[in-house]
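Peer 1: First the structure, which I've put down as C-alpha cells, then a few questions once you've had a look.
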Amino acid sequence: MRSFEEQLQDAVELVQTSRRIVALTGAGISTESGIPDFRSPGSPWQQQPPVSYQDFIAKAEARRHYWQTRRDLSGQVADAKPNAAHYALVELERRDMLLGIITQNFDGLHQDAGHQPEKIVELHGTSREAACTLCDARSSMQELQQRVDAGEVDPTCTHCGGYMKTATILFGQRVPDAVLTRAREMVNDCDLFLVIGSSLKVTPAATLPRHALTRDIPLIIINLQPTPLDDYADIILYEKAGVALPPLVSALS
Ligand code: NAD
C-alpha cells in the first residue's frame, strides 16, 4: 500500500493536469470548523437522530424536537469559521482550476471562505434562510429564530400557514430539480472529481461521483472513513481535509 506522502504526490500530479475540477463536499469538511457531522463515531447526532421531513410535516412532537435540536446546531454554525480546507478550495478557484463546488452542507462556510457565489451548488439548501414547507416563501432565519425564542412552538408561514423551517433539505425531502440539474451539469463538464468529507451514503449526492466515473473522470477521495466508492477512486487520502488539502494545493506549481 502506498504511503500518505506518495498518495499526496500522486494527487498533486493529477490536480496539476486538471482545469475543470468539481469538488463534492460533505459534513466532514466542516468538522474542523467545529460543526459535527452525522456519521462519524461519537457524533452527538447518533444519540438524537435528525428529524425526517415526513415526521416534521406529520407530527407536532417532531417539529418541537426539530426546534430544540436546531438551537444547538445553529449556535455551532453561527460561531463557525472556514478552515484550511475551505480556503484551499478558494485557492484552486483563484488559480482558475475550479469549475465549482457541490456541497451537501448548509453551513455557508464555502461562501464565507470567499468563493464567487455562482461557483457553489448547495444540494441540501442553507440554514441561513427560512423557508415555508408549503409555498417555499423565504424569510430571514434570524427573524424565524426570534419568533421561536419568543415562545412560538410551531411557527407557520405568514402567507399560507405552512410549517416553517430552515431552508435545508431534511432526510426524506427531495432536492429541488433545478439544483440537481445544475450539479449534474457541473459533473458533465468537469475533468476531475474531488470528494472531500463525504460518506457518499446520502443520495442524490452520492450519485454524482458515480456519474463522473461513467464518464471516465478521475476521482480523488479525501475522507476519514472508507466510502462505497473507494475501490473506484484513483487516489484515496484517509486524512482530515484540513491536513490533506492545503499541502495538496500549495504543492501545485
Ligand atoms: P456525510 O455523508 O457528508 O459524511 C461525513 C463524512 O466526513 C464521514 O464519512 C466522516 O468520516 C468524514 N469526516 C469527518 N470529519 C472529517 C475531516 N475532518 N476530514 C475528512 N473527512 C471527515 O455527512 P453526514 O455526517 O452523514 O451528514 C448527512 C447530511 O447532513 C449531510 O449531507 C448534510 O446535508 C447534513 N449536515 C450538514 C452539516 C454542515 O452543514 N456542516 C453538518 C452535519 C450534517
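Peer 1: Please enumerate the residues belonging to region 56-73 that are surrounded by 16 or more Cβ atoms within 10 Å (Cβ to Cβ) and in contact (Cβ under 8 Å) with a residue 60 or more places away in the chain.
Peer 2: Within region 56-73, 56, 57, 63, 66, 67, 70 qualify.
Peer 1: Within region 7-34, work out how many residues are within 16 Å of the ligand (Cβ to nearest atom) and either farther than 27 Å from residue 81 by Cβ or open to solvent by 10 Å² or more (accessible area, probe 1.4 Å) (or both).
Peer 2: Residues in region 7-34 being within 16 Å of the ligand (Cβ to nearest atom) and either farther than 27 Å from residue 81 by Cβ or open to solvent by 10 Å² or more (accessible area, probe 1.4 Å) (or both): 8 in total.
Peer 1: Only one of these conditions is not met by residue 136: (1) under 27 Å from residue 102 (Cβ atoms); (2) in a loop (DSSP other than H, G, I, E, B); (3) open to solvent by less than 50 Å² (accessible area, probe 1.4 Å). Which number is it?
Peer 2: The single condition residue 136 does not satisfy is (3).
Peer 1: Tell me which residues, restricted to region 81-110, are open to solvent by 20 Å² or more (accessible area, probe 1.4 Å) and more than 13 Å from the ligand (Cβ to nearest atom).
Peer 2: Within region 81-110, 87, 90, 91, 93, 94, 95, 96, 99 qualify.
Peer 1: If you go through region 94-111 one residue at a time, how many are farther than 17 Å from residue 241 by Cα and part of a helix (DSSP H, G or I)?
Peer 2: The total comes to 2.
Peer 1: When you scan region 197-204, do you find a residue that is among the small types (Gly, Ala, Ser) and either within 28 Å of residue 57 (Cα to Cα) or more than 9 Å from the ligand (Cβ to nearest atom) (or both), even just one?
Peer 2: The answer is yes, given that some residue of region 197-204 is among the small types (Gly, Ala, Ser) and either within 28 Å of residue 57 (Cα to Cα) or more than 9 Å from the ligand (Cβ to nearest atom) (or both).
Peer 1: Can you tell me which of 8, 98 is over 18 Å from the mean Cα position of the chain (by Cα) and at pLDDT 95 or above?
Peer 2: Just one listed residue meets the conditions, 8.
Peer 1: If a residue has to be farther than 22 Å from residue 148 by Cα and assigned to a loop (DSSP other than H, G, I, E, B) to count, how many in region 36-67 make the cut?
Peer 2: Number satisfying all stated conditions: 9.
Peer 1: Among the numbered criteria (1) more than 8 Å from the ligand (Cβ to nearest atom); (2) farther than 26 Å from residue 219 by Cβ; (3) part of a helix (DSSP H, G or I); (4) in contact (Cβ under 8 Å) with a residue 12 or more places away in the chain, which single criterion is violated by residue 78?
Peer 2: Only one criterion in (1) more than 8 Å from the ligand (Cβ to nearest atom); (2) farther than 26 Å from residue 219 by Cβ; (3) part of a helix (DSSP H, G or I); (4) in contact (Cβ under 8 Å) with a residue 12 or more places away in the chain is unmet by residue 78, namely (4).
Peer 1: Condition test on residue 113, is it touching a His at 6+ places or on another chain (Cβ under 8 Å), open to solvent by less than 50 Å² (accessible area, probe 1.4 Å) and among the aliphatic types (A, V, I, L, M)?
Peer 2: Answer is yes for this residue.
Peer 1: Here's something else I'd like to know. Here are the criteria: (1) over 22 Å from residue 129 (Cα atoms); (2) modelled with pLDDT of 95 or more; (3) open to solvent by less than 60 Å² (accessible area, probe 1.4 Å). Tell me which single one residue 40 does not satisfy.
Peer 2: Answer for residue 40: the failing condition is (2).
Peer 1: Starting from residues that are surrounded by fewer than 14 Cβ atoms within 10 Å (Cβ to Cβ) and without any contact (Cβ under 8 Å) to a residue 40 or more places away in the chain, keep the ones in region 176-196 and report whichever is farthest from the ligand (Cβ to nearest atom).
Peer 2: This residue is 188.
Peer 1: Could you list, in sequence order, all residues of region 199-223 that are over 21 Å from residue 19 (Cα atoms), at pLDDT 95 or above and either surrounded by 19 or more Cβ atoms within 10 Å (Cβ to Cβ) or in contact with a strand residue (DSSP E or B) (Cβ under 9 Å, 6 or more places away or on another chain) (or both)?
Peer 2: 199, 200, 205, 206, 223
Peer 1: Please go through (1) at pLDDT 95 or above; (2) in contact with a Ser or Thr (Cβ under 6 Å, 6 or more places away or on another chain); (3) surrounded by fewer than 20 Cβ atoms within 10 Å (Cβ to Cβ) for residue 167 and return the number of the only condition it doesn't satisfy.
Peer 2: Checking residue 167 against (1) at pLDDT 95 or above; (2) in contact with a Ser or Thr (Cβ under 6 Å, 6 or more places away or on another chain); (3) surrounded by fewer than 20 Cβ atoms within 10 Å (Cβ to Cβ), the one that fails is (3).
Peer 1: Output the residues belonging to region 29-46 that are touching a Lys or Arg at 6+ places or on another chain (Cβ under 9 Å), of a type outside the set (A, V, I, L, M, F, W, C) and without any contact (Cβ under 8 Å) to a residue 24 or more places away in the chain.
Peer 2: Of everything in region 29-46, just one residue is touching a Lys or Arg at 6+ places or on another chain (Cβ under 9 Å), of a type outside the set (A, V, I, L, M, F, W, C) and without any contact (Cβ under 8 Å) to a residue 24 or more places away in the chain, namely 46.
The values are calculated or read from the model by the stated rules, or taken from the named source; none is laboratory data. Quick caveat: nothing in here was measured; it's all calculated off a predicted structure. When we count neighbours, we look across all protein chains shown, and the Cβ atoms used for this are built from the backbone with ideal geometry, even at glycine. The area values use the complete protein model at the heavy-atom level, side chains included, leaving out ligands, DNA and RNA. Shrake-Rupley method; radii C 1.70, N 1.55, O 1.52, S 1.80 Å.
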